[in-house]
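Have a look at the structure below, then the notes.
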Amino acid sequence: MSMLEGTEININSGHSNIVILSDNGVISKENSSYAKYITDKINDDNYNIINCDGEFLYKNKFDLNIFRNINEDYYLGKYLGIFSLYIDERVHNLLLKTRFTSLYNENFLNMLFESYYGFSGKLFEEKIDDEDEETSELDVIHNKIDRTFKTINLFTYFSCLNNAIRKGMFRQYNEFEHNDTKIKGRIDVSRQVIKNQSIQGKVCYTTREYTPLNAVNKLILKTHLFYEKNNKKTLSCLMNKYKDAQKHILQLKNLFPNIDEFGTDSLAKQANTKISNMVYKEYEMLRKVSINILKTKGRACFDENDSRVKGVVYDIEKMWSNYIYKNIISKFYEDNNSKIKIKNKKKIYDNDSIINYKNNNVMILSDYSRDFEISYLGGEMEYEQKKIVDKKIDDIIKIAKDNDSKYQVIVFPMGVNDNEELKEIVDAFYQDSAIARYELDDIVLFEIPFAIFTNAKSYDEFINASNLVCDKIYNLLKENIN
């Protein structure tokens with residue numbers, strides 16, 4: 001079997017090892033040691049992980065559910081992305097990917113990133129031509145790792161930039177040397193003796209100024225220019241969406257018109273001091289991210305000398321919930337038969353919303369896990385997995401009772417591998433039989449799969465099919481809620 005067809009890939013390459021895992025089921029015994037290693041390191045606070053929103057995932061403020069451990073088996077959790085481990089004097093790079101993308105196809109992830117960050121554009125670099133006879137599978141895998149690193153790191157840099165500029169332009173005290181007639185600082189006797197031996201009226205002196213003319217701002221601009229050169233389309237989409245960032249970068253370009261004269265190594269060395277001013281604490285993350293992006297040309301976002309578990313991740317559940325909210329739930333708010341979301345409702349999950357439609361309270365839960373897909377398809381579940389599903393349903397019933405909600409809806413993604421005309425497939429897929437309906441304690445529960453067309457011929461075709469699916473689910477809900 002080709003490496004590209006598997007859900008797990010292991011490649012030994014020189015002094016490093018590449019492992020690609022999919023959230024498609026149980027992690028093999030061979031690779032479960034990585035899951036245990038990362039889990040143990042996190043439990044010991046021996047890690048350095050950030051997310052695409054530019055935040056450190058400190059142990060006391062983030063869900064440790066990177067891996068789920070059920071009956072000694074490991075599954076991927078809600079955090080996907082890239083990790084770097086240093087085990088037995090070797091670097092191990094782990095790529096944790098969604099089950100709906102492949103080494104060639106990034107459509108699903110592209111769609112979620114677009115929705116979450118609110119822009120439209122193609123994210124990932126063009127793939128290596130899989131029809132090129134000289135292209136090896138190893139080339140494809142290295143390209144996959146490379147472009148995933150670069151894309152995730154771009155969003156991390158941009159999120160850090162947006163977080164930081166809320167505090168305005170970064171300023172710090174710097175010393176400047178002058179040699180003129182306008183004395184306004186400390187006279188530098190040694191320079192005066194060397195430079196002003198004749199009587200010219202000039203005096204060498206030094207000033208200390210609180211200024212944006214500093215190495216950190218140069219570093220930020222240098223990183224931005226790196227992405228202008230290497231990922232211009234995605235960066236342009238982001239800059240067009242976030243005008244404050246666009247304005248900030250323009251100011252930096254005006255401050256440093258000769259930025260090309262400053263080398264990456266010298267800038268990294270000049271900006272290597274931690275920012276301790278709490279007014280600018282958000283700039284510290286931006287400084288670190290910028291240094292490591294420039295040093296590794298966008299392929300990593302963490303210090304190579306850090307022996308802890310390091311990672312850059314995104315919350316796939318949060319992104320999926322965001323997509324369902326924007327493309328299905330929000331449509332009810334525009335409907336004349338709907339009312340705004342209930343205020344002060346009691347929540348158990350962050351990915352649920354309650355609307356009032358036709359005078360019925362309706363809770364819609366967007367669930368990314370495979371739990372409901374397995375249940376919907378009638379597949380066998382291990383006891384512990386079934387307990388997870390049963391608990392979710394119990395929680396849903398509790399939410400329903402707390403909020404007088406008669407209808408409960410669970411929307412979950414399900415891959416559809418079909419090469420026929422997509423519109424016809426969507427129409428055929430979403431008949432009434434596509435909705436699983438249960439009545440529990442006077443509560444009506446709907447389980448609705450969201451068809452993910454993994455074999456779409458292009459990204460535009462994939463998006464069009466997904467839009468059709470959103471419309472179908474919206475209309476089916478309207479027909480079944482009365």
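The values are calculated or read from the model by the stated rules, or taken from the named source; none is laboratory data. Everything numeric here is computed off the predicted structure, so don't read it as measured data. So basically every Cβ, Gly included, is an ideal-geometry build from the backbone, and we count neighbours across all protein chains shown. All accessible areas refer to the heavy atoms of the entire protein, side chains included, with ligands and DNA or RNA removed. Shrake-Rupley method; radii C 1.70, N 1.55, O 1.52, S 1.80 Å.
Residue-level analysis places Glu380 outside the set of residues that are assigned to a helix (DSSP H, G or I) and either open to solvent by less than 60 Å² (accessible area, probe 1.4 Å) or at pLDDT below 85 (or both).
When Tyr459 is tested against (1) in contact with a Lys or Arg (Cβ under 9 Å, 6 or more places away or on another chain); (2) at pLDDT 90 or above; (3) not charged (D, E, K, R), only condition (2) is not met. Any idea which of Phe262, Phe226 is touching a residue at least 40 places away in the same chain (Cβ under 8 Å) and closer than 17 Å to Thr156 by Cα? One residue alone meets the criteria, Phe226. When segment 255-290 is filtered for residues that are β-branched (Val, Ile, Thr), farther than 17 Å from Tyr173 by Cα and at pLDDT below 90, the ones remaining, listed by number, are Thr264, Val289. Within the bounds of segment 396-419, is there any residue that is closer than 30 Å to Asn110 by Cβ, part of a loop (DSSP other than H, G, I, E, B), within 32 Å of the chain's Cα centre (by Cα) and among the acidic types (Asp, Glu)? Checking segment 396-419: at least one residue is closer than 30 Å to Asn110 by Cβ, part of a loop (DSSP other than H, G, I, E, B), within 32 Å of the chain's Cα centre (by Cα) and among the acidic types (Asp, Glu).
Scan segment 211-244 residue by residue and report those that are among the hydroxyl-bearing types (Ser, Thr, Tyr) and out of contact with any strand residue (DSSP E or B) (no Cβ under 7 Å at 6 or more places or on another chain). Across segment 211-244, the qualifying residues are Thr223, Tyr227, Thr234, Ser236, Tyr242.
None of Tyr58, Tyr74 is under 23 Å from the mean Cα position of the chain (by Cα), at pLDDT 80 or above and either more than 17 Å from Ile145 (Cβ to Cβ) or open to solvent by less than 30 Å² (accessible area, probe 1.4 Å) (or both) except Tyr74. Could you list, in sequence order, the residues of segment 61-71 that are within 18 Å of Glu8 (Cβ to Cβ) and either among the basic types (Lys, Arg) or open to solvent by 30 Å² or more (accessible area, probe 1.4 Å) (or both)? Matches in segment 61-71: Arg68, Asn69. Among the residues of segment 19-53, the ones that are out of contact with any Leu (no Cβ under 7 Å at 6 or more places or on another chain) and open to solvent by 10 Å² or more (accessible area, probe 1.4 Å) come to 20 in all.
Go through the residues of segment 172-186 one by one and say whether even a single one is surrounded by 16 or more Cβ atoms within 10 Å (Cβ to Cβ), assigned to a helix (DSSP H, G or I) and among the polar types (S, T, N, Q). Checked against the condition, which is being surrounded by 16 or more Cβ atoms within 10 Å (Cβ to Cβ), assigned to a helix (DSSP H, G or I) and among the polar types (S, T, N, Q), segment 172-186 yields no hits at all.
Okay, residues lined up against (1) among the hydroxyl-bearing types (Ser, Thr, Tyr); (2) within 30 Å of Met381 (Cα to Cα); (3) without any contact (Cβ under 8 Å) to a residue 24 or more places away in the chain:
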position: Ser22; (1), (2), (3): yes, yes, no
position: Ala35; (1), (2), (3): no, yes, no
position: Arg68; (1), (2), (3): no, yes, yes
position: Ile87; (1), (2), (3): no, no, no
position: Arg90; (1), (2), (3): no, no, no
position: Leu96; (1), (2), (3): no, yes, no
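Residues in segment 41-82 that are under 23 Å from Asn163 (Cβ atoms) and assigned to a strand (DSSP E or B): 10 in all. Filter segment 95-109 for residues that are farther than 14 Å from Thr7 by Cβ and surrounded by 21 or more Cβ atoms within 10 Å (Cβ to Cβ); which is nearest to the chain's Cα centre (by Cα)? Checking each candidate, the answer is Leu109. Any idea which of Asn403, Asn351, Asn337, Asn356 is open to solvent by less than 40 Å² (accessible area, probe 1.4 Å), touching a Phe, Trp or Tyr at 6+ places or on another chain (Cβ under 8 Å) and at pLDDT below 85? Selected residue: Asn351, the only one of Asn403, Asn351, Asn337, Asn356 that is open to solvent by less than 40 Å² (accessible area, probe 1.4 Å), touching a Phe, Trp or Tyr at 6+ places or on another chain (Cβ under 8 Å) and at pLDDT below 85. In segment 255-289, of all residues being aromatic (Phe, Trp, Tyr) and closer than 25 Å to Asp53 by Cα, the one that is least open to solvent (accessible area, probe 1.4 Å) corresponds to Tyr283. Only residues that are in a loop (DSSP other than H, G, I, E, B) and at negative phi were counted in segment 193-205, giving 6.
Of the residues making up segment 11-20, not one is within 24 Å of the chain's Cα centre (by Cα) and free of Cβ contacts under 8 Å to residues at least 24 places away in the same chain.
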